[in-house]
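Student: Pasting a structure here, questions to come.
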């Protein structure tokens, strides 16, 4: 939701590119995580959805870097998002490498 709020101030000409993309992939991280949780009975599906989460998280990072480089995000906001993204990546990586701790 923080990314959604920050993207509200992006220029109108970015509506169908940067704004749309960063909103979609950031939401997709959460959606894929929810789907992964529902697949804890099936180890391969669980890990597959977690890797989808990780990929969407990386895409989000890249779009945020574009936003920063285009001066749509302050350095403070970008660094905050970047640190939070890195933490999410670490958590997802741990879950991907240790799925047995989360399986039903």
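The values are calculated or read from the model by the stated rules, or taken from the named source; none is laboratory data. None of the values given here were measured: they were computed from a predicted structure. Because the Cβ atoms are built from the backbone with ideal geometry, glycine has one as well, and the counts that use them run over all protein chains shown.
Student: Just checking, how many residues over the stretch 28-37 are within 11 Å of residue 95 (Cβ to Cβ) and in contact with a helix residue (DSSP H, G or I) (Cβ under 6 Å, 6 or more places away or on another chain)?
Tutor: Quick first cut of the stretch 28-37, residues within 11 Å of residue 95 (Cβ to Cβ) only: 33, 36-37.
So of that shortlist, the ones also in contact with a helix residue (DSSP H, G or I) (Cβ under 6 Å, 6 or more places away or on another chain) come out as 33, 36.
Of the residues in that region, 2 qualify.
Student: Can you name the condition, by its number, that residue 13 falls short on among (1) surrounded by fewer than 18 Cβ atoms within 10 Å (Cβ to Cβ); (2) under 15 Å from residue 63 (Cα atoms)?
Tutor: (2)
Okay, residues lined up against (1) surrounded by fewer than 17 Cβ atoms within 10 Å (Cβ to Cβ); (2) within 28 Å of residue 104 (Cβ to Cβ); (3) at pLDDT 95 or above:
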residue: 18; (1), (2), (3): no, no, yes
residue: 29; (1), (2), (3): no, yes, yes
residue: 49; (1), (2), (3): no, yes, yes
residue: 54; (1), (2), (3): no, yes, yes
residue: 66; (1), (2), (3): yes, no, yes
residue: 81; (1), (2), (3): no, no, yes
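Student: Since residue 70 meets every condition but one in (1) touching a residue at least 24 places away in the same chain (Cβ under 8 Å); (2) surrounded by 15 or more Cβ atoms within 10 Å (Cβ to Cβ), which condition does it not meet?
Tutor: Looking at each condition in turn, residue 70 falls short on (2).
Student: What number of residues in the stretch 49-79 are touching a helix residue (DSSP H, G or I) at 6+ places or on another chain (Cβ under 8 Å) and either more than 21 Å from residue 13 (Cα to Cα) or in a helix (DSSP H, G or I) (or both)?
Tutor: Counting residues in the stretch 49-79 that are touching a helix residue (DSSP H, G or I) at 6+ places or on another chain (Cβ under 8 Å) and either more than 21 Å from residue 13 (Cα to Cα) or in a helix (DSSP H, G or I) (or both) gives 21.
Student: Among (1) part of a helix (DSSP H, G or I); (2) modelled with pLDDT under 95, which single condition is residue 34 missing?
Tutor: The single condition residue 34 does not satisfy is (2).
Student: Scanning the stretch 38-47 for residues that are in a helix (DSSP H, G or I) and touching a residue at least 12 places away in the same chain (Cβ under 8 Å), which turns out farthest from residue 89 (Cα to Cα)? Reasoning before the result, please.
Tutor: Here is the first cut: in the stretch 38-47, the ones in a helix (DSSP H, G or I) are 38, 43-47.
Remaining after also requiring touching a residue at least 12 places away in the same chain (Cβ under 8 Å): 43, 46-47.
Working: 43: 19, 46: 16, 47: 14 Å.
The qualifying residue farthest from residue 89 (Cα to Cα) is 43.
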